[in-house]
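Asker: Handing you this structure, nothing more for now.
Every number in this text was worked out from the coordinates using simple rules, so none of it is lab data. Just so it is clear, the model here is predicted, and its values are computed rather than measured. So basically every Cβ, Gly included, is an ideal-geometry build from the backbone, and we count neighbours across all protein chains shown.
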Amino acid sequence: MNSRERVLAMLGGRSVDRPPVMPITMMFAARHIGARYGGYALDHEVLVEAQLKTATDFGFDHVSAITETREAPDCGATIRMFDDQPFAIDEHRARLADKSDLMALPAPDPMSARHMRDRIEAILALREGVGGEKIVEGWVEGPCGAAADLRGINTLMLDFHDDPAFVRELFEYVVQVGLRFGRAQIMSGADVIGVGDPAASLVGPRLYEEFVWPYEKKLVDGLHALGARIRLHICGNTSRILSGIGRLGCDIVDIDSSVSLLEARETLGPDQVLLGGIDPVRVFQNGTSEQVASAIAECHAFAGPRYILGAGCEIPPDTPPTNLLELQRFSRLSAAGA
């Protein structure tokens, strides 16, 4: 069973030879090939080289085209660039500081827009690089995060109260952008589309159910209809919205370290594939290899067999390689019955 077969078997509810390994590595991958992250985030050739080498060296079952948002800058958002850290949205010059601009905001074409096209090129190259051996993962922004990128996170939070009709119009717009971008990635060879919606953890259950959930559901259902499997990644404490997340129908749900895996399993049920749960900083970056191994075993025991090995969020760039190798080691020991 190769890596791609392993992941697809788990997502299909079939038995696997060992737990898949699918951590998020962006800055770590860039560092692993001696590259600066600023280049990794803007040049698919750097990203592809880093992802292929990192996946090979650490025994991952996937390669991923995840970086910061590609949609927002192609929609006209101003971004601040840095040499060796993620670029940032300039909220002081938010693209939709004037709400009326939404009415005339065109949806970018993923095949020609600069940042989105670069991710398409990455997926094409990753597919060629792994053949049918590993999962190729694309990525789109979820509605709450994408809306915050265009409006500004603090302003959006006020909009929920001040202008709910505008919020729904904005969410509808970003979902259509996400579906168009996702379709282009799927056609280019992505098996899984990650949906990153970090801002969703900042709203309470009422706002999540009323505003965020319907548009996450529309995005997930639309991507499923296009043939992709869906990995949902919401950073932060999602304990209060887990029941809604469970109704989205995602193939994989990432669980951040601030959420109890036991609670996540109880709420999301025995069939939901979970991923992560391990603290990326305190455990992977700052812990010993023995502490990492213990945390992996504990999370696997809590989550049960429908579990993919990884951290609760991105692996930090200063993580000791020996610590990251513990994921592969645990997976192989599980296969051996040790």
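Asker: Taking Cα pairs under 8 Å and at least six residues apart, what relative contact order does the chain come out at, in percent? Numbers along the way, then the final one.
Answerer: Working: 641 pairs, mean separation 64.6, N = 338.
Across the chain, relative contact order equals 19 percent.
Asker: Hydropathy first: keep DSSP H helices in the chain averaging at least -1.0 on Kyte-Doolittle, then drop any whose Cα extent along the axis falls short of 15 Å, and list what survives.
Answerer: Working: long enough: 44-58 (21 Å, -0.01); 114-130 (24 Å, -0.34); 164-187 (34 Å, 0.48); 213-225 (18 Å, -0.66); 289-303 (21 Å, 0.51); 321-336 (23 Å, -0.11).
TM-like helix candidates: 44-58, 114-130, 164-187, 213-225, 289-303, 321-336.
Asker: Another question about this same structure. Would you pull out the residues with amide H under 5 Å of VAL16's amide H, same chain only if 5 or more places away, H placed 1.01 Å from N?
Answerer: For VAL16, whose amide H was placed from the backbone, there are no distant partners under 5 Å.
Asker: Amide H of TRP139 versus every other amide H placed in the peptide plane: which residues, excluding those fewer than 5 positions away on the same chain, fall under 5 Å?
Answerer: Amide H neighbours of TRP139: GLY194.
Asker: For every helix of n ≥ 4 consecutive DSSP H residues, a contribution of -39,500 (n - 2.57) applies; sum these over the chain, divide by its total residues, and give [θ] at 222 nm rounded to the nearest 500 deg cm²/dmol. Each step should come with its number before you reach the end.
Answerer: Values: 14 runs with 157 residues, N = 338.
After summing the helix terms and dividing by the residues of the chain, the value is -14000 deg cm²/dmol.
Asker: With θ set to phi - 60°, apply the Karplus curve 6.51 cos²θ - 1.76 cosθ + 1.60 along region 226-232 and write out the HN-Hα couplings as whole Hz, x wherever there is a Gly or Pro.
Answerer: 7, x, 9, 8, 10, 10, 9
Asker: Say the dipole of the chain comes from +1 at the beta carbon of Lys and Arg and -1 at that of Asp and Glu; which of PHE28, GLN328, VAL292 then lies farthest toward its positive end?
Answerer: GLN328
Asker: All other residues with a Cβ under 10 Å from the Cβ of ARG306 taken together, and with Lys, Arg as +1 and Asp, Glu as -1, what is their net charge?
Answerer: Working: positive: ARG265; negative: ASP271.
For residues surrounding ARG306, the net value is 0.
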